Amino acid sequence: MSEGIPRKMALQNYFKGKGSRALPPEEVDIANLLEEYHPDYYEDTLVTLQTGPNKGERCHKDLAAILQADALIDDTDLAGAFVHETDLLVIGGGGAGCAAALAAAENGARVILSTKLRLGDSNTVMAEGGIQASIESGDTPMMHYEDTLKSGHFRGESRLIAALVMDGPEVIRWLIQKGMQFDQNPFGDLLTRRAGGTSHDRVVYCRDYTGLEMMRVLREAVRNGKTEVLEYSPVVELLTNETGHCAGAVIFSLDRAAYLLIKARSVIMATGGIGRLHLNGFPTSNHFGATADGLVLAYRLGARLKDIDSFQYHPTGMAYPASMAGSLITEGVRSAGAHLLNGLGNRFIDELKQRDCVTAAILRECAEGRGIVTDGGNRGVWLDTPTLERENPGILERRFPKLLQRGKICNIDPAGEPMLVYPTLHYQNGGVEIDENGSTTVPGLYAVGEVSGGIHGRNRIMGNALLEIICFGRRAGNKASETIHGRGHKKFTIEHTKNLSRELTNAGLSMEIKSPTLFPDYANFGIKQ
Amino acid sequence: MGDRDITVNINGKDITVPATMSAIQAVWHAGHPRVHGVGCLEGVCGACKVFVRRAGRSIITTELGCQTMVEDGMQIIFLVFPTPNHHTYQLDDFKNSWDTQAQFHQIFPEAAHCRHCGGCTKSCPVEIDVEHGVNLATEGKFREAGELFLECVMCGLCLTSCPEEITPNHVGLFCRRITAYFHIRPSNLINRLEEIRKGEYRIVEG
Ligand SMILES: Cc1cc2nc3c(=O)[nH]c(=O)nc-3n(C[C@H](O)[C@H](O)[C@H](O)COP(=O)(O)OP(=O)(O)OC[C@H]3O[C@@H](n4cnc5c(N)ncnc54)[C@H](O)[C@@H]3O)c2cc1C
Ligand code: SF4
Ligand code: SF4
Ligand code: FES
């Protein structure tokens, strides 16, 4: 581990006002900064996939290990399993899954929503900063489109982004009609804040509890509707019919310790992200269930993935105290004007550049010895919350109550002392390839939300994820409910897992590893224990 | 804050762990399996309810296990139980905001029977004045009541401690939802929706 400035000394520097708070010169060579310091470019972390639809493409090695792994179950596990039948199976109880279930149920479809933990235990409930929608008079959907494309380094799919930005205002209206509150000015207009790397204030929010507010409302709406919810019910495999069409899933009920077969006309995958795989040894901001299960299950069934070598490391995860490592401090704090300072007290990057650049710059400061080191060996830089509060008295309490609450628990007053921050594994930029309705390349299988890919290219801007989950969740829910009147499937099998074993053997890959992962290993829990 | 080891009792088992851990981290560190009652790990999902008794103290508090740092001699019990709600309603059934108060009392008839026992407020791990919120709702002050529940993580502890089966957290959420449903009408959003409806914006792809 590289040298740095001890936390106590750095605090003294800070309080003495050492260093320069002037905006540092513009980064001239962003590509070089990213290549040298962004974790996506770490040497030896990428491998070439040897099986499946993305064979021959580059992928992070930890993800590759579970994409090219054997199934958790075989036919013998299914003997005597309980069987349920429904029109539509939604997998995952975050925002995307709930939006899909609500839309489909409103169209009269019978819906089962199956989720690994409880309904709402998800990344959605944790979102802080807000949700994008171009609603201000100087802003346009076209500007939103361009910002999204540019921040993703022009790798996003234009058709998907066009759908996203044009749906934005309607999504906000839908959420309000479901009972979600947003912060308003005294005349009732929605307040907006600016996301890093964008050209206009466009993020609407509910203090720094946007995700909590959204999830509470969606959960209550689902619970009050006709959808049947199965909790503590992780999906461990998908089912196919006689022609390779997705036809349901196998669930392992944690409460009953038994397998459940759900036969469905179509399936919407909404299992969220990957943070709990702790790629490259990073801490994560993600909830406990974010283990890339959806990617694994869809890939196995033949769905193409996109941009699976690109992940978002959010610049400001907490780095002190150690028990909180990885916990997110919203970009909203920088958007409101808080600066980042290194151990010498100098600013080192425009804090509102896009996230991958800010992250790379923080990692550069730490690598070159200007970072701050704690007694426990954690590293980071300062997020200058005291100056923000001094220049805007009361702003922390008005806009960031969650930050203050967090401070209380770890005995740090963000108004009096800067917060130590370090990048945290935050978001899966790519995912399952989809079209404007969330359809994947496998018939009958949809993917929505963080598990899907194509919108964010290689870098996501704040607020586009919450917009995506509602926009595409509803689209897929609507599309899938069109199919409920056709003829049902004849066969329901896990045949494809046998082909998988064959393919793995042929490629000389290990059959030791089983996936999906379901839970991080530090939880000491496996379904076959 | 050092890496001093301490001993805590979790679900009846003594475990020795570094003092810098949360209750959930401590269980895992000791090698015990735990997935029930774990969610966001950040204090917002309400999955990780625990009873806590600190060394030398007789009172038991209810807290969130991911936000509770272990201390020497602490006793912790994980509370994993469902918190069923027995009220249902559809916002779409509310046609006129003048009738909200009457409809509220039809949906939540128990709310008016609050005994002011304070049980809900005492049990709330995020220190919401739950009882006051319920009473404001009963008086029809929905916007004010809802605001009190901004930080509610829906853990359901208030619900399980209410002798009148009032489900205070769902009352609070109702107040927030009905306020949005009837009263959030932002002109900036509505203008933009109108412009889009008239076809004033197109995306030029490429
Ligand atoms: C701390 C934090 C702050 C954020 N802030 C913002 C923000 O301000 N703005 C913004 O736009 N975005 C933000 N994001 C990103 C955004 O919240 C997420 O990308 C988005 O909510 C993902 O929604 P989802 O429904 O796709 O996935 P999730 O909400 O994660 O839901 C996935 C669900 O699937 C379940 N699941 C997983 N595997 C299985 C399985 N095998 N079987 C059954 N169920 C399974 C999970 O348990 C979970 O309930 C933030 C993310 C985090 C972590
Ligand atoms: S109000 Fe009730 S449900 Fe909400 S956090 Fe407090 S105790 Fe939990
Ligand atoms: S617990 Fe129930 S009865 Fe007691 S104060 Fe709270 S709402 Fe009223
Ligand atoms: S795990 Fe979500 S509140 Fe503790």
Answer yes if at least one residue in the stretch B:131-138 is in a loop (DSSP other than H, G, I, E, B), more than 16 Å from ligand 1 (Cβ to nearest atom) and among the hydroxyl-bearing types (Ser, Thr, Tyr), and no otherwise.
-> no
What pairs come up if the first residue lies in the stretch A:327-352 and is over 25 Å from residue A:210 (Cβ atoms), the second is in a loop (DSSP other than H, G, I, E, B) and of a type in the set (A, V, I, L, M, F, W, C), and their beta carbons are under 9 Å apart, counting only those six or more places apart or on different chains?
-> A:341/A:348; A:342/A:348; A:346/A:22; A:347/A:22; A:347/A:23
Among what's in the stretch B:143-160 and is more than 11 Å from chain A (Cβ to nearest Cβ) and open to solvent by 20 Å² or more (accessible area, probe 1.4 Å), pick the residue that is farthest from ligand 2 (Cβ to nearest atom).
-> B:144
Only residues in the stretch B:183-203 that are more than 8 Å from chain A (Cβ to nearest Cβ) count as the first member; pair them with residues that are open to solvent by 100 Å² or more (accessible area, probe 1.4 Å) and in a helix (DSSP H, G or I), Cβ under 9 angstrom, at least 6 apart or cross-chain, and list the lot.
-> B:183/B:143; B:190/A:173
Selection from the stretch A:319-344 of residues touching a strand residue (DSSP E or B) at 6+ places or on another chain (Cβ under 8 Å) and small (Gly, Ala, Ser) yields A:319, A:323, A:325, A:326, A:327, A:332, A:335, A:336, A:338, A:343
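Going through B:53, B:57 one at a time, which residue ends up being surrounded by 14 or more Cβ atoms within 10 Å (Cβ to Cβ) and among the basic types (Lys, Arg)? Step through it out loud before you land on a result.
Values: B:57 fails: surrounded by 14 or more Cβ atoms within 10 Å (Cβ to Cβ).
When all the criteria are applied, what remains is B:53.
So if I check each of A:314, A:287, which one is within 14 Å of chain B (Cβ to nearest Cβ), closer than 16 Å to residue A:424 by Cβ and in a loop (DSSP other than H, G, I, E, B)? I'd like the intermediate steps shown before the answer.
Working: A:314 fails: in a loop (DSSP other than H, G, I, E, B).
Only one candidate passes the filter, namely A:287.
Scan the stretch A:120-147 for residues that are of a type in the set (A, V, I, L, M, F, W, C) and either buried (at least 24 other Cβ atoms within 10 Å of the Cβ) or at the interface with chain B (Cβ under 8 Å from one of its Cβ atoms) (or both) and jot them down. Spell out the reasoning first.
Of the stretch A:120-147, the ones of a type in the set (A, V, I, L, M, F, W, C) are A:125-127, A:131, A:133, A:135, A:142-143.
The answer is A:125, A:126, A:127, A:131, A:133, A:135, A:142.
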Scanning the stretch B:44-54 for residues that are in contact with a Cys (Cβ under 8 Å, 6 or more places away or on another chain) and more than 7 Å from chain A (Cβ to nearest Cβ), the one farthest from ligand 3 (Cβ to nearest atom) turns out to be B:48
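Here's the yes/no breakdown for (1) within 16 Å of ligand 4 (Cβ to nearest atom); (2) surrounded by fewer than 16 Cβ atoms within 10 Å (Cβ to Cβ):
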site	(1), (2)
B:97	no, yes
B:117	no, yes
B:121	no, no
B:124	yes, no
B:136	no, no
B:166	no, no
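Restricting to the stretch A:206-220, name every residue that is open to solvent by 10 Å² or more (accessible area, probe 1.4 Å) and either assigned to a loop (DSSP other than H, G, I, E, B) or under 21 Å from residue B:186 (Cβ atoms) (or both).
Pass one, the stretch A:206-220, residues open to solvent by 10 Å² or more (accessible area, probe 1.4 Å): A:207, A:209, A:219.
Selection gives A:207, A:209.
The values are calculated or read from the model by the stated rules, or taken from the named source; none is laboratory data. Keep in mind it's a predicted model, so treat the numbers as computed, not measured. Glycine also receives a Cβ, built like all others from the backbone with ideal geometry; neighbour counts cover every protein chain displayed. Heads up: the accessible areas ignore ligands, DNA and RNA and are worked out on the full protein's heavy atoms, side chains in. Shrake-Rupley method; radii C 1.70, N 1.55, O 1.52, S 1.80 Å.
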